[in-house]
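Values quoted throughout were computed directly from the atomic coordinates according to the rules given, and no laboratory measurement underlies them. Quick caveat, the model's predicted, so the values are computed rather than measured. Neighbour counts run over all protein chains shown; Cβ positions are idealised from the backbone, glycine included.
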Amino acid sequence: MTLSKPLARRVAAFALVPLAAAAALALWPQAGEAQGVREEQAEQHRALFPVCKGPVRVTCVVDGDTFWLRGTKIRIADIDTPEVSQPRCPEERALGLAATERMRELLNAGRFGLAVPSDGRTRDRYGRELRIVTRGGQSLGAVLVREGLAARWGDRRKAWCAA
């Protein structure tokens, strides 16, 4: 698979991102509060997340915007990430895999909150629970948006494939 130069740079840069939680937290202060969700509203969780494999899924990351936590499938409500299961092009698959890995790292970095979005939606059309994932009052989804691995939910659908 041959990636465009800008995409190859983004994927290569992502691979060099320090994975230490303290370094990640240092990048978050400018993000702002996660869509009006206060940290005390969000129940706190901690788990070890591998990438999902096989049909039995309990606690694992499906892709950049979906994960399982203790048998419950959760769709991150404030972002949309590139597809990995049915990508439209190799670039989308590469970015989707990078988004999956980055969300896995963020979830594994420490305690996080799960809060109902401010619009009150609790489930999507596929029955997944909709939640904003936060740490320190900041949306983990917003981290992926800033890193170019996700688009804000509700924005025009992003074209992940090169024209």
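Exposure proxy shown here: for Ser139, Ser118, Ser85, the number of other Cβ atoms within 10 Å sets the order, fewest to most, as Ser85, Ser118, Ser139. Here's the picture: charge each Lys and Arg Cβ at +1 and each Asp and Glu Cβ at -1 in segment 66-163, and of Gly110, Val143, Leu95 the one pushed furthest to the positive end of that dipole is Gly110. Dipole check for segment 42-132: with +1 at the C-beta of Lys and Arg, -1 at the C-beta of Asp and Glu, and the Cα centre as origin, the magnitude is about 420 Debye. As a rough footprinting exposure proxy, the listed residues Glu83, Glu92 were ranked by other beta carbons within 10 Å of their own, and the order from fewest upward is Glu83, Glu92.
Taking amide H atoms as placed 1.01 Å from N in the peptide plane, the amide H of Val62 lies under 5 Å from those of Cys52, Phe67, Trp68, each 5 or more residues away in sequence or on another chain.
Within the shell defined by Cβ-Cβ distances under 13 Å, the residues around Asp155 carry a net charge of +2, with Lys and Arg each +1 and Asp and Glu each -1. Summarising the overall dimensions of segment 108-162 from its C-alpha atoms, the Rg and Dmax are 12.8, 36 angstrom.
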